[in-house]
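K.L.:
My questions will all concern the structure given below.
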Amino acid sequence: MSQDDPFGLSEDRERTRIRMVGTPQPRMPMPLSSAPLKRSRTHPNTLVNAFSALLEFAPELENALPPENPEHLRTRLQEELVRGRDAAVAAGSSVERADQAAWAVAALLDDLALNTPWGGSSAWPRQPLVVMLRGDVDAGAQFFSRLEELERHPNRDREMLELQYHCMALGFRGKYRVPGRSGDRSLNAVRVAAARFLRDADAEDAPLSPNWRGVVAADEAPRFTVPIWVMGVIAAVLATAIYIAFSLGLSNQAVQLSALVRALPPADRAEVLRTTPKAEAPPVETVDFALLPEFAAATPEGLRPALKGAESVSLARLVIQASNPELFQSSRAELTDGFQPLIEAIAKVIVENQELIGNVTIVGHTDGIPLQRTNPLSTNQRLSEARAATIADMLVQNGVPRERVRSEGRAATDPVADDATREGRALNRRVEVLVEKRL
């Protein structure tokens, strides 16, 4: 092991090893060194130059035998990343830019180490270098996201773009490390695109011809000329003004002509119009009857507080709501046990007065709490429709004709209590029964 190879990665590769057939030969552990890595040459790119020692070491990491202590190796590489970051700052880079460059090189080292036989079975996956530097986890995808951002603005930080291109050239694959050739093709396309951006930037800096500039001659005195588009605008304005003037003149003449036409006598013969009084329809005798007393009398005494209502000449409106116990559980369309006798009593009154009652409409309501995604009803509108359908089915089961019953839901659009309290939400989870009268 020498100062040029502080991790001892080349010694085992240069030895001749004789193995017996059928008997596995134990692999020699990779020796370690605490000496800093040395770079063999300088690079005009300050970021590549700052991390050149680690970039030169990266291919050896992938081809090396397992080290004696992978944790020690990871710690040494982390120290080298810190040295490279400090060198980039000393060369004039900002701290944030140097951190991003160190992160890209760390992603390369992690990608190579974690895909070796010894790297995946060590503690390296739990504490990769990118996590120790910046706390990032998904470096395989973020590396290419940052590369895309650099390619959108290639002139903003060309040195960072070149550094990430070197990382891909040295073996970084990230999210494209997948079985088959699709990952290789995708990675090659990304690498070619980055190279094209770098090549185009170099081509822009080089002049096509050093003697392209001709003889400098004095410009002639500028002449006053009216642009063609200005003449077009003036012509359009004049045409519009003429059109408006003619339109106003024609409008005034049309008003005068209309007044003269209205003053002319009618061409038809005059007729005497006589109006005949309309015969008044005989008064219709209406029958006024009340249903609420019958509903209240039929309701069991313990359930009467849950039934409220109002009545007019043509409609009886029943409101079924309760808070203790609740009429409906939150997010449920099933009627709470104990309220079935109330629905049976309402159905009994409707059946006994069929000749006086028309259609029956059930309206379901909910509170304003949104349903969870796991609820099969998914929305409060569907929940209110399901509650109304539950009551409608119970009325039909107790003798009310199906053709007279319909149901609808209004979700939480018509609250009667405060949704901020549990009792208020329970009162909002109610059902209305609208009974039409036959007059």
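K.L.:
Could you check R173 against (1) at pLDDT below 85; (2) within 21 Å of E60 (Cα to Cα) and say which number it fails?
P.N.:
Looking at each condition in turn, R173 falls short on (1).
K.L.:
Can you pull out the residues in the stretch 317-332 that are surrounded by 19 or more Cβ atoms within 10 Å (Cβ to Cβ) and not in a strand (DSSP E or B)?
P.N.:
Correct list: Q321, A322, L327.
K.L.:
Go through (1) surrounded by 10 or more Cβ atoms within 10 Å (Cβ to Cβ); (2) modelled with pLDDT of 80 or more; (3) under 51 Å from the mean Cα position of the chain (by Cα) for S312 and report which single condition fails.
P.N.:
With (1) surrounded by 10 or more Cβ atoms within 10 Å (Cβ to Cβ); (2) modelled with pLDDT of 80 or more; (3) under 51 Å from the mean Cα position of the chain (by Cα) applied to S312, the lone miss is (1).
K.L.:
Another question, then. Out of the stretch 108-136, which residues are over 19 Å from M168 (Cα atoms), outside any helix (DSSP H, G or I) and touching an Asp or Glu at 6+ places or on another chain (Cβ under 8 Å)?
P.N.:
Listed by number, the residues that qualify are S122, A123.
K.L.:
For the stretch 354-392, enumerate the residues that are in contact with a Leu (Cβ under 7 Å, 6 or more places away or on another chain) and farther than 25 Å from L292 by Cα.
P.N.:
L371, L377, S378, T379, N380, L383, A386
K.L.:
Tally the residues that are more than 55 Å from the chain's Cα centre (by Cα) and of a type in the set (A, V, I, L, M, F, W, C), restricting the search to the stretch 233-262.
P.N.:
Matching residues across the stretch 233-262 total 10.
K.L.:
Follow-up. For the structure I just gave you, tell me whether E385 is crowded, with 17+ Cβ neighbours inside 10 Å, more than 23 Å from A417 (Cα to Cα) and not hydrophobic (A, V, I, L, M, F, W, C).
P.N.:
No, not satisfied.
K.L.:
Filter the stretch 333-363 down to residues that are in a strand (DSSP E or B) and free of Cβ contacts under 8 Å to residues at least 24 places away in the same chain, then give me how many there are.
P.N.:
0
K.L.:
Of the residues that sit in the stretch 388-427 and are hydroxyl-bearing (S, T, Y) and crowded, with 16+ Cβ neighbours inside 10 Å, which one is nearest to L335 (Cα to Cα)?
P.N.:
Looking at residues that are hydroxyl-bearing (S, T, Y) and crowded, with 16+ Cβ neighbours inside 10 Å, I get T390.
K.L.:
So, A417, is that one closer than 20 Å to A310 by Cα, assigned to a loop (DSSP other than H, G, I, E, B) and either touching a residue at least 60 places away in the same chain (Cβ under 8 Å) or small (G, A, S) (or both) or not?
P.N.:
Answer is yes for this residue.
K.L.:
Return a yes/no flag: does the stretch 115-126 have any residue that is of a type outside the set (G, A, S), surrounded by 22 or more Cβ atoms within 10 Å (Cβ to Cβ) and either assigned by TED's automatic domain parsing to the domain that holds N45 or modelled with pLDDT of 90 or more (or both).
P.N.:
no
The values are calculated or read from the model by the stated rules, or taken from the named source; none is laboratory data. As the structure is a prediction and not an experimental result, all values here were calculated from the model. Glycine gets a Cβ as well: all are built from the backbone with ideal geometry, and neighbour counts include every protein chain shown.
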